[in-house]
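Peer 1: Attaching a single structure in structure tokens format; questions to follow.
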Amino acid sequence: MQYHKHIFTPGPVRMSEQILRIGAEQTPYFRNDAFSAVLKQCERDLLALVNAPENSRVIFLTASGTAGMEAAVANLLGEKDRALVVDGGSFGHRFVELCKRHGVGHTAVDPCGTNLGDTAALNGIDATALLINAHETSVGVLYDLEAVGEACRQKGWLNIVDAISMFVTDPLDMQAHSIDALIISSHKGLALPPGLSMVVLTPRAIGHLLSSNTLYFDFRNYLDDGARGQTPYTPAVTIILQLQHRLAQIRSDGIAAEQAKAAAIATYFRDAILPLSLKPYTGFMPNAMTTLSPTDGRSAFDIVHALDTKYDIVVAPSGGALRDRIFRVAHMGAVTHADTDILIDALFDYYGVKR
Ligand SMILES: *Cc1c(COP(=O)(O)O)cnc(C)c1O
């Protein structure tokens with residue numbers, strides 16, 4: 001395994017030394033009061049950081065983010081529902097697939113690279129719920145959560161938001177954005193190892209819970225056990241211990257400081273590469289990531305390949321039709337300006353331009 005590479009991928013992301021140290025410890029036993037206190041603390045901290053309404057709860061799932069998406073669909077949407085899915089890329093499309101698998105009627109809309117600030121695209125559609133990825137990571141478009149939330153509030157739609165790739169680095173407020181169910185996971189902005197995903201449920205979402213036909217993902221069991229700080233099945237104990245540490249750090253520094261740090265790194269990167277033949281793919285970029293298109297006919301995939309093989313730098317390629325058109329650079333996690341300079345210097349060297 002190549003541990004020495006510099007990673008700028010939208011998951012996994014660089015972790016801090018303290019988080020790595022917790023990961024090096026033995027896994028403690030968890031069916032006891034000490035672990036219950038940790039899980040309860042994580043729940044309280046998460047609810048505060050996303051400004052969840054009173055009596056909201058957090059479901060802790062030992063699985064990657066897609067399981068959080070699937071569990072939300074399976075527990076919150078049924079035969080009587082009709083979901084409006086914002087299908088602006090491969091993560092939006094995953095919600096479409098989930099609706100199909102779970103027999104949920106749905107309408108998919110492609111916002112065509114806009115941030116949905118003008119919610120006209122959502123009008124005139126008959127629905128009971130909205131499924132959206134706050135940051136469509138496949139193309140790096142950040143949607144206007146405030147406008148979308150307002151549309152949901154007016155129409156009475158259950159607003160189900162996958163905020164996996166913008167939580168921590170970009171502003172997120174469940175009350176201000178009228179979010180009913182929020183999906184986040186460990187290995188993006190939280191900068192922890194992959195394997196833990198969380199679904200925050202407001203009292204309104206809890207009121208919508210259906211009798212789920214899955215055992216492992218039945219939210220009602222998680223709510224019951226969670227009341228005493230436990231999960232029905234073995235949780236990702238070590239990642240939860242890392243989460244407790246990370247949330248304490250975010251709360252003490254203030255989440256605004258995390259967002260300002262990501263914004264500063266993103267701006268530093270975007271400004272530094274202006275002399276190169278690259279342009280931003282969208283005008284609606286999050287702090288979390290920059291998506292770039294070559295403007296000189298080069299293949300984006302060739303750039304990704306060269307960065308990896310010549311400079312030990314891993315940025316994210318794209319698949320399908322976008323393979324040659326875009327590549328993505330994440331600014332999440334424990335990255336510094338100095339780390340970012342390594343990538344900037346490599347890009348200048350690759351283009352043969354003096355920095
Ligand atoms: C990373 C990500 C996910 C989760 O993907 P996994 O591979 O299951 O971790 C879901 N939604 C978005 C928008 C993401 O960026």
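A short reminder: the numbers here are calculations on the coordinates, not readings from a lab. If you're wondering where the values come from, they're calculated on a predicted model, not measured in any experiment. All Cβ positions, glycine included, derive from the backbone under ideal geometry; neighbour counts span all protein chains shown.
Peer 1: Working only within segment 24-50, note down all residues that are exposed (fewer than 15 other Cβ atoms within 10 Å of the Cβ) and not acidic (D, E). It would help to see each step written out before you state the result.
Peer 2: In the first step, residues of segment 24-50 are kept if they are exposed (fewer than 15 other Cβ atoms within 10 Å of the Cβ); the result is 24-29, 31-34, 37, 44, 48.
Correct list: A24, Q26, T27, P28, Y29, R31, N32, A34, A37, R44, A48.
Peer 1: What number of residues in segment 315-355 are surrounded by fewer than 17 Cβ atoms within 10 Å (Cβ to Cβ) and of a type in the set (V, I, T)?
Peer 2: 3
Peer 1: Across segment 149-166, which residue is surrounded by the most Cβ atoms within 10 Å (Cβ to Cβ) among those that are in contact (Cβ under 8 Å) with a residue 60 or more places away in the chain and more than 10 Å from the ligand (Cβ to nearest atom)?
Peer 2: Taking the candidates together, the pick is I160.
Peer 1: Select, from T128, T137, T169, the only residue that is surrounded by fewer than 24 Cβ atoms within 10 Å (Cβ to Cβ) and in contact (Cβ under 8 Å) with a residue 40 or more places away in the chain.
Peer 2: On the way: T137 fails: surrounded by fewer than 24 Cβ atoms within 10 Å (Cβ to Cβ); T169 fails: surrounded by fewer than 24 Cβ atoms within 10 Å (Cβ to Cβ).
Testing whether each residue is surrounded by fewer than 24 Cβ atoms within 10 Å (Cβ to Cβ) and in contact (Cβ under 8 Å) with a residue 40 or more places away in the chain leaves just T128.
Peer 1: Given G226, G207, which one is over 20 Å from the mean Cα position of the chain (by Cα) and closer than 18 Å to D81 by Cβ?
Peer 2: Working: G226 fails: closer than 18 Å to D81 by Cβ.
Just a single option satisfies the conditions, and that option is G207.
Peer 1: Only one of G68, G88 is in a loop (DSSP other than H, G, I, E, B), within 16 Å of the ligand (Cβ to nearest atom) and under 16 Å from the mean Cα position of the chain (by Cα); which? Please lay out each step first, then the result.
Peer 2: Numbers: G68 fails: in a loop (DSSP other than H, G, I, E, B).
It is G88.
Peer 1: What number of residues in segment 259-288 are in a helix (DSSP H, G or I) and of a type in the set (F, W, Y)? If you could, list the steps in order and put the result at the bottom.
Peer 2: Initially, segment 259-288 is screened for residues in a helix (DSSP H, G or I), giving 259-272.
If we keep only those that are of a type in the set (F, W, Y) as well, we get 268-269.
Adding up the residues that qualify gives 2.
A quick yes/no check of all residues on (1) assigned to a strand (DSSP E or B); (2) aromatic (F, W, Y); (3) away from the ligand (no atom under 15 Å from the Cβ):
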site: F95; (1), (2), (3): no, yes, no
site: K100; (1), (2), (3): no, no, yes
site: H106; (1), (2), (3): yes, no, yes
site: P111; (1), (2), (3): no, no, no
site: G117; (1), (2), (3): no, no, yes
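Peer 1: If T234 passes every condition in (1) farther than 26 Å from L142 by Cβ; (2) hydroxyl-bearing (S, T, Y); (3) surrounded by 13 or more Cβ atoms within 10 Å (Cβ to Cβ) but one, which one does it miss?
Peer 2: Going through the list (1) farther than 26 Å from L142 by Cβ; (2) hydroxyl-bearing (S, T, Y); (3) surrounded by 13 or more Cβ atoms within 10 Å (Cβ to Cβ), T234 breaks only (3).
Peer 1: Output the residue which, of all residues in segment 92-111 that are within 20 Å of the chain's Cα centre (by Cα) and closer than 24 Å to F284 by Cα, is surrounded by the fewest Cβ atoms within 10 Å (Cβ to Cβ). Break it down stepwise before answering.
Peer 2: So in segment 92-111, the residues within 20 Å of the chain's Cα centre (by Cα) come out as 92-99, 110-111.
Subsequent filtering for residues that are closer than 24 Å to F284 by Cα retains 92-96, 110-111.
Details: G92: 24, H93: 17, R94: 21, F95: 26, V96: 18, D110: 14, P111: 24.
My answer is D110.
Peer 1: Here is a further query. Does segment 267-287 contain any residue that is surrounded by fewer than 16 Cβ atoms within 10 Å (Cβ to Cβ), under 30 Å from A83 (Cα atoms) and out of contact with any Asp or Glu (no Cβ under 8 Å at 6 or more places or on another chain)?
Peer 2: yes
Peer 1: Of everything in segment 15-41, what is more than 16 Å from the ligand (Cβ to nearest atom), in a loop (DSSP other than H, G, I, E, B) and not aromatic (F, W, Y)? Give them in sequence order.
Peer 2: Within segment 15-41, the subset more than 16 Å from the ligand (Cβ to nearest atom) is 16-41.
Right, trim to in a loop (DSSP other than H, G, I, E, B) and you get 16, 24-32.
Residues satisfying the conditions are S16, A24, E25, Q26, T27, P28, R31, N32.
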